[in-house]
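Report on the structure given below.
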Amino acid sequence: MHQQQPFDSSLEKPQFPGASAEFVDHLEFIQPNVISGIAVYRVMDRQGNIINPSEDPQLSKETVLNFYQKMTLLNTMDRILYESQRQGRISFYMTNYGEEGTHIGSAAALESNDLVFGQYREAGVLMYRGFPLDLFMAQCYANADDLGKGRQMPVHYGCKERNFVTISSPLATQIPQATGAAYALKRENTNRAVICYFGEGAASEGDAHAGFNFSATLECPLIFFCRNNGYAISTPTNEQYRGDGIAARGPGYGMLSIRVDGNDVFAVYNATKEARRRAVAENQPFLIEAMTYRLVMTC
């Protein structure tokens, strides 16, 4: 007579197709603070000193001076156009005060043929790519020299020549659009990447979920760059979400993530450069959360 072999239930492994896990025999809900807050990567301290020499990007003096020149130029342009809006000369303007390092550090780490999807506060990225001041002014004043022929609101820049997709007003629409563009570049096999900028407020939109999920499942060479400045227009982060910021969402979508000091231009440069290299080499998306400050009101 055949006897059934004793069965050790502790050796059972789940075979559900939707997750990778082990069985447990006690009831326990996962706590939202199961891990401590994600660390903030930085290269420089508050005095501008390199903390760890191995993280120094070893940029030339000319490159660093160009960083500084572009950040101060962006700040000056902001002041002039913000005052123009307050005087009623243009209808709308959004400044970039406090976030200049996120623009320049990330833009410098990209290749010139990489595709950029911006939101409202990425003028510095376009400036770093050589977009001239007169065209910034033409766009905001909607005059005859505007590349968009006055069809867009001020600060809704775009430049095909510089691979900068025209900004649209609705929040987060650029996120699934960037995913589609990155998938197209992957199929073309051209060693190009896409970078998509947005704020932590836009990450509360449904389009963010769609873009994150599609980019991971389609394995797209895409960098999601979130500027977390603490406020979505006037809504503080403690009223927007309960989790640990935006970078904590990456693992849930199967994305590699990092949190950086957005006021440290070298940290932003290093993170974006490595994310760009791996996104192209490995065909996968990356999520960068740059912690920064918005020094003035939203517009």
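Among the residues making up the stretch 264-281, a single one is closer than 15 Å to I51 by Cα and polar (S, T, N, Q): N270. Of all residues in the stretch 166-218, how many are open to solvent by 10 Å² or more (accessible area, probe 1.4 Å), without any contact (Cβ under 8 Å) to a residue 40 or more places away in the chain and of a type in the set (A, V, I, L, M, F, W, C)? Final tally of qualifying residues: 4. One residue is enough: does the stretch 183-190 have a residue meeting the conditions of a type in the set (D, E) and more than 17 Å from E122 (Cβ to Cβ)? Within the stretch 183-190 (the criterion being of a type in the set (D, E) and more than 17 Å from E122 (Cβ to Cβ)), the answer is yes, since at least one residue qualifies.
So K160 fits all but one of (1) open to solvent by 20 Å² or more (accessible area, probe 1.4 Å); (2) out of contact with any Gly (no Cβ under 8 Å at 6 or more places or on another chain); (3) closer than 22 Å to A275 by Cβ; (4) at pLDDT 95 or above; what number is the exception? Unmet for K160, out of (1) open to solvent by 20 Å² or more (accessible area, probe 1.4 Å); (2) out of contact with any Gly (no Cβ under 8 Å at 6 or more places or on another chain); (3) closer than 22 Å to A275 by Cβ; (4) at pLDDT 95 or above: (3).
Of the residues in the stretch 136-152, not one is part of a loop (DSSP other than H, G, I, E, B), open to solvent by less than 30 Å² (accessible area, probe 1.4 Å) and either in contact (Cβ under 8 Å) with a residue 24 or more places away in the chain or closer than 30 Å to E274 by Cα (or both).
With respect to (1) modelled with pLDDT of 95 or more; (2) in contact with an Asp or Glu (Cβ under 6 Å, 6 or more places away or on another chain), the lone exception for L171 is condition (1). Every condition in (1) open to solvent by less than 60 Å² (accessible area, probe 1.4 Å); (2) out of contact with any Asp or Glu (no Cβ under 7 Å at 6 or more places or on another chain); (3) not polar (S, T, N, Q) is met by A232 except one, and the failing one is (2).
Checked against the criterion of being in contact with a Gly (Cβ under 6 Å, 6 or more places away or on another chain), in contact (Cβ under 8 Å) with a residue 24 or more places away in the chain and among the acidic types (D, E), the stretch 236-247 contains one or more residues that satisfy it.
Within the stretch 79-91, being within 23 Å of G130 (Cα to Cα) and either aromatic (F, W, Y) or without any contact (Cβ under 8 Å) to a residue 24 or more places away in the chain (or both) holds for R79, I80, Y82. Checking each residue in the stretch 138-161 for being over 27 Å from N113 (Cβ atoms) and in contact with a Ser or Thr (Cβ under 7 Å, 6 or more places away or on another chain) picks out M153, P154.
Those residues that are at pLDDT below 95, farther than 21 Å from C220 by Cα and open to solvent by 50 Å² or more (accessible area, probe 1.4 Å), I need them from the stretch 244-271; list them, please. Passing the criteria: only D244. For the stretch 36-43, the criterion of being at pLDDT below 95, in contact with an Asp or Glu (Cβ under 7 Å, 6 or more places away or on another chain), open to solvent by less than 100 Å² (accessible area, probe 1.4 Å) and assigned to a loop (DSSP other than H, G, I, E, B) is met by at least one residue. Can you say whether R278 is out of contact with any strand residue (DSSP E or B) (no Cβ under 6 Å at 6 or more places or on another chain) and free of Cβ contacts under 8 Å to residues at least 24 places away in the same chain, as far as the supplied structure shows? Here the answer is yes, as R278 does meet what is asked.
Which residues, counting only those in the stretch 228-246, are touching a Cys at 6+ places or on another chain (Cβ under 9 Å) and closer than 15 Å to N33 by Cβ? If the condition is that a residue be touching a Cys at 6+ places or on another chain (Cβ under 9 Å) and closer than 15 Å to N33 by Cβ, then G245 is the only one that fits.
The values are calculated or read from the model by the stated rules, or taken from the named source; none is laboratory data. Everything numeric in this text was worked out from a predicted model, so none of it was measured. Cβ sites come from the backbone with ideal geometry, for glycine too, and all protein chains shown count toward neighbours. Heads up: the accessible areas ignore ligands, DNA and RNA and are worked out on the full protein's heavy atoms, side chains in. Shrake-Rupley method; radii C 1.70, N 1.55, O 1.52, S 1.80 Å.
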